[in-house]
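Here's the structure, in structure tokens; my notes come after.
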């Protein structure tokens, strides 16, 4: 019995030191060496922080691109989805309300052309990106609200797109709206 207890105690002590001291220290050093110094990557305009690069936020004015809806009202402290299934009547009503709202603000878009990402919340509720299709479907509304040609906004979209790891072209909504404000 003694031959089993001592190795178990040693292993417990080693794990305790490693997982409560060494591992957190290594992660802290890596975080401090990252671009946001462990505080998240902030986005600034004229020296004022306007948001975080990896966190979605709400844009409701017609002159801005809309991102994905959030089940947690873009609260990073309580990130998560709605946990409502696709057959849940309450969820279906919520999605239909989002579709109706989108169509009111984008009268030139047909219901079938609305990308699902613009009416369904992401799993985290904080998705900062939309697809190229999600941005292009909003061009007419923004061009009308800003009195800018569609071509100019489409060129801006093309200049702002990035490819994700799976090859899908995406756009960060905050960065896109900041670039849109700079557009003359």
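The values are calculated or read from the model by the stated rules, or taken from the named source; none is laboratory data. Predicted model only: the values in this text are computed from it and were never measured. Cβ: placed from backbone, ideal geometry, glycine included. Neighbour counts: every protein chain shown.
Things to note:
- For the residues 73, 66, the requirement of being in the same structural domain as residue 148 (by TED's automatic domain parsing), in a loop (DSSP other than H, G, I, E, B) and surrounded by 14 or more Cβ atoms within 10 Å (Cβ to Cβ) singles out 66.
- Residues satisfying the criterion are present in the range 63-83 (criterion: over 17 Å from the mean Cα position of the chain (by Cα) and under 27 Å from residue 139 (Cα atoms)).
- Against the test of being part of a helix (DSSP H, G or I) and either within 22 Å of the chain's Cα centre (by Cα) or within 26 Å of residue 75 (Cα to Cα) (or both), the options 180, 165 yield a single qualifying residue, 180.
- Within the range 25-56, the set of residues being in contact (Cβ under 8 Å) with a residue 24 or more places away in the chain, closer than 16 Å to residue 181 by Cα and part of a loop (DSSP other than H, G, I, E, B) is empty.
- Test set (1) closer than 24 Å to residue 123 by Cα; (2) at pLDDT 90 or above - residue 76 fails condition number: (2)
- Residue 166 being at negative phi, in contact (Cβ under 8 Å) with a residue 24 or more places away in the chain and either out of contact with any helix residue (DSSP H, G or I) (no Cβ under 7 Å at 6 or more places or on another chain) or not assigned by TED's automatic domain parsing to the domain that holds residue 53 (or both): no
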